[in-house]
Amino acid sequence: MRPFIRKIYYTLLLIVIAAGLAQAQTGAQSAHISGVLLDEQGKPMIYATASLLSAQDSSLIKGAISNEQGTYTFDHVKKGTYIIKASTIGYEKAVTQPFTVSDDSPNVNLPELKMQPNTHSLSTVSITAAKPLIERKIDRTVMNVENSVLAAGNTAMDILERAPGVSVDKDDNISLKGKQGVTVMINDKLTYLTAAQLATLLRSTDGNTIQSIELITNPSAKYDAAGNSGIINIKLKKNKQSGTNGSITLGAGYGNYGKDNETLQLNHKEGDLNVFGSFSHNDNKRDQSIGIKRVITDNLGNTTYFNQTSPFLESDHNNSYRIGADYDMSSKNTIGFVVNGYFNTEHDSNNNYTYIGPNFTQVDSSLRTVTGINQTYNNFAVNLNDAFKIDTAGQQISADLDYSKFKNNAIQSYVTNFFLPDGSMQHPEAFLGNITPSDISIRTAKVDYSDPLTKSVKLEAGLKFSDVKTDNDLMQSTVEGAPELSVNHFIYDEKIDAGYLNLSKEYKNTSIQLGLRAEYTTSTAHADSMNVIQNIPRNYLDLFPSAFINHTINDKNEINFSYSRRIDRPQYDNLNPFVFHLDPYTYQKGNPYLKPQYTNNFEFGYTYNKSLNMTLGYSRTTDVITQIPGTDPANKVSFVTQENLQVQNAYNLNLYTPYTVTKWWEGNVNLTAFYLGFKSNNLEGADLNRGQFAYNVRTTQTFTPFAGYKAELTGNYQSALTYGLFYVKPQYSVDAGVSHSFAQKKANIKFSVDDIFNTRRNDVTSNYAETNLDIRQKRESRIARLTFTYNFGSTKIKAREHQSGADDLKGRVKGNN
């Protein structure tokens, strides 16, 4: 298909589906009340409280919050006579005339209700809403880290590792409920990063700039279809006050080495203009120790033992910036832009010793590889956005244009010396020098449309087009001081054209949402390795249906069911066929023939009394992209690559409950139990069929014994689990922190200690076919941090806040450290 024809095809497909689903919606209408709140200028009142009261005795029936259009709604209202009372900080209360809900008028659309400013000055009023650290919603789990003690001084990666059901392995791969393949978004925008690149980005993001982290295990068709285990959406803080205001954060930490972080945030909101900006810097020196034991049996049955020890030291210097503005051209139209990026440097050093012999206690020979790596990471991204409210009933259209450019470079040197058992030199040293420049450009455009067709039916539709190109080169030299020659050149170009449609219907006690997303992918991988050229073109069209049903049994019991189909395309670095040597006996390489993996997700949920939440889930993934360790017995070399396994079956049970012990002590427990099973025929000459039951328990305790003081204690335990060919050993840790607010809550000081008992580590083993290895990894994890934050400027409550779609976009790139 040509691109123009494809776009017409998607548009027609959406129209046909919308018409068919709209005609299929039948059934009784539920009692529904809606209205619009306006300020004294006739603009929508956002986040005002609307209370549904009995007209007879003014008793409270229900409460609601107005949305960005100033609209409030009440569903499932019984017959009777009512009034609406609206209130918000800085405005007088407003009350409607009495109205009646009856069989003849089950749906009531009330006249606009205008609110007038309060005559009292609010220039010094500051409003804070205390949210629980962990919050469960109908389609997601939200971790409210904005005011968390444990967020102070930490990076986004540190905070993410503490999220319920989330784990990060030795290679920075993120898992949700035991499954890898998580899609990470920032402010509802997709990140196109590889695991290493994403880890760099998250470690350069100051935790003080984060408002919340959303865990969405079964996304709707509105979201990109990527991510078999779901979506993690990181929401950054937004300005909520008028006038000029800001904050400054200074932090210091120490584990085995010192660390520091500084962030300046500035905001100015006046009238229809909102301008914001931030700059963050952090220095982080950290170490880790890696031990690898391998047993290799050659074709003659001779066994050789390798014992490696690798102390690794990393020094990061990160700088990130973000500046943007939103402007309300009218009460219906808002435009905005965001420019963001980073410039980071990293220096790594490794002193790797390898002992070789007939067993682990006897040494026949040894080698030492000294590695030095200097890396630079640069990113520039810009977003333009426009949101137009077509009417006050909620009909809206929005558009986003994004461009992002990454420019990374790494200079690496490896010097290896070979020794005899007595310590004498076996033969001259070997040198290997690499220069690996990488350029990545990302262009995306999307349009989203929503329309409440009736009081109980809502239509959502959208189109998205993305174009990603990555250009990687490997220049290599085997003689120190000699010029590097290009030995590998890899270019990958991927275009995705997508369209989606969601149709939702509200019944008396039941809500239903059906969705369909279509994605057409065109990709070309071009690899030139020492004049051996590979061109691998691909194009494929996929449909991704989704369905969500929620039913309220009574005031205390609620059930829901969801289904979605997902895709995970291979990461760019996994497709790159380059061979990267860690030492003469160890290397990793990509696989340009990797295929996408597809997942069908099913989830059933139950909620009791709005507090106890339980979910049961099952997913089946085909062509599972999995890291595979391998061995070359002839050369006694071990390597790691990626391959497609046939099937992964995953079962999971999640239980979450918050509780209150006393007025000053609250807590929650999150338990996730899961089973991961892998099957694949003729994998490295054998049939794979293995799986294991595992579980994760996380509890958070929050204490507020005195005014202005807050303490948090978090414990986490992850049992042993099997993933592909790897057996992952148990992980556990305890974190704690305390904070104190003073100076009329403008200043805050926080002290925290991560991994108090220094128990957090990543240990894995693999014993399959010719592979027999044991990896032990311990990163610097026990870190004490002290963070000071001061908020300055205006604290006036503004009458209206616009939240645009403009937020930073990061790409599928390496090195956002």
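The values are calculated or read from the model by the stated rules, or taken from the named source; none is laboratory data. If you're wondering where the values come from, they're calculated on a predicted model, not measured in any experiment. Positions of Cβ are generated from backbone atoms using ideal geometry, with glycine treated the same way; all protein chains shown enter the neighbour counts. Ligands, DNA and RNA are excluded from the accessible area calculation, which covers all protein heavy atoms including side chains. Shrake-Rupley method; radii C 1.70, N 1.55, O 1.52, S 1.80 Å.
As an equivalent ellipsoid, segment 477-567 spans semi-axes of 52, 17, 8 angstrom, where each value is the square root of five times an eigenvalue of the C-alpha gyration tensor, largest first. The candidates 390, 174, 435, arranged from most to least accessible area with a 1.4 Å probe in the full protein assembly, appear as 390, 435, 174. Computed from label points 7 Å out along Cα-Cβ, the spacing between residue 188 and residue 349 is 4.8 nm. Temperature 20 °C, viscosity 1.002 mPa s: under these conditions the Stokes-Einstein estimate for segment 208-347, based on its Kirkwood radius over C-alpha pairs, is 107 µm² per second.
For the pairs 237/610; 405/469; 237/446; 78/114; 79/508, flag any whose C-alpha to C-alpha distance is greater than 19 Å. As for pairs spanning more than 19 Å Cα to Cα, those are 237/610; 237/446; 78/114.
Using the Karplus relation 6.51 cos²θ - 1.76 cosθ + 1.60 with θ = phi - 60°, the per-residue 3J(HN,Hα) values for segment 92-97 come to 5, 5, 10, 10, 7, 6 Hz, with x marking Gly and Pro. When the P(r) of segment 355-432 is calculated, the portion above 14 Å amounts to 77% of the C-alpha pairs. Each Lys and Arg adds +1 at its Cβ and each Asp and Glu adds -1 at its Cβ; summed about the Cα centre, segment 554-644 shows a dipole of about 160 debye.
Entry for segment 236-305 at q = 0.12, 0.14, 0.15, 0.26 Å⁻¹: log10 I(q)/I(0) = -0.58, -0.66, -0.70, -1.10, Debye formula applied to identical alpha-carbon scatterers, no solvent contribution. Mind checking which aspartates and glutamates have their Cα closer than 13 Å to the Cα of residue 85? Skip sequence neighbours fewer than 8 apart in that chain. Hits, sequence-local ones excluded: 112. As a ratio to 2.2 N^0.38 Å, the alpha-carbon radius of gyration computed for segment 543-615 takes the value 1.93. Surface composition of segment 608-717: carbon plus sulfur atoms contribute 57% of the solvent-accessible area (1.4 Å probe, protein chains only, all chains present).
Averaging 1/r across all pairs of distinct Cα atoms in segment 647-799 and inverting the result yields a Kirkwood radius of 19.2 Å. What separates the Cα centres of segment 29-73 and segment 392-408 is a distance of 29 Å.
The fraction of accessible area contributed by carbon and sulfur in segment 342-470 is 61 percent, rounded to a whole number (1.4 Å probe; ligands and nucleic acids excluded). Counting only protein heavy atoms and a 1.4 Å probe, segment 646-773 has 48 square angstrom of accessible area per residue. In the context of the full set of protein chains, residues of segment 488-606 present 43 Å² of accessible surface per residue (probe radius 1.4 Å, heavy atoms only). Kirkwood hydrodynamic radius (Cα pairs, Å) of segment 737-797? Taking the inverse mean of 1/r over all distinct Cα pairs, segment 737-797 comes out at 15.6 Å. Restricting the calculation to Cα atoms, segment 280-415 shows an Rg/Rh of 1.33 when the hydrodynamic-style radius is the Kirkwood one. Protein heavy-atom accessible surface, 1.4 Å probe, per residue over segment 292-396: 43 Å². Ellipsoid fit via the Cα gyration tensor, segment 707-762: semi-axes of 36, 10, 8 Å, each the root of five times an eigenvalue, largest first. Note on residue 643: accessible area approximately 60 square angstrom, rounded to 10, probe 1.4 Å, nucleic acids and ligands left out. A convex hull fitted to the Cα coordinates of segment 305-360 yields 119 cubic angstrom per residue. Remark: spin-label model distance residue 431-residue 704 equals 6.4 nm, labels positioned 7 Å along the Cα→Cβ axis. Beyond 24 Å, the tail of the calculated P(r) for segment 361-490 holds 60 percent of the Cα pairs. Gyration tensor analysis over the Cα atoms of segment 411-549 returns equivalent ellipsoid semi-axes of 55, 19, 13 Å (largest first, whole Å).
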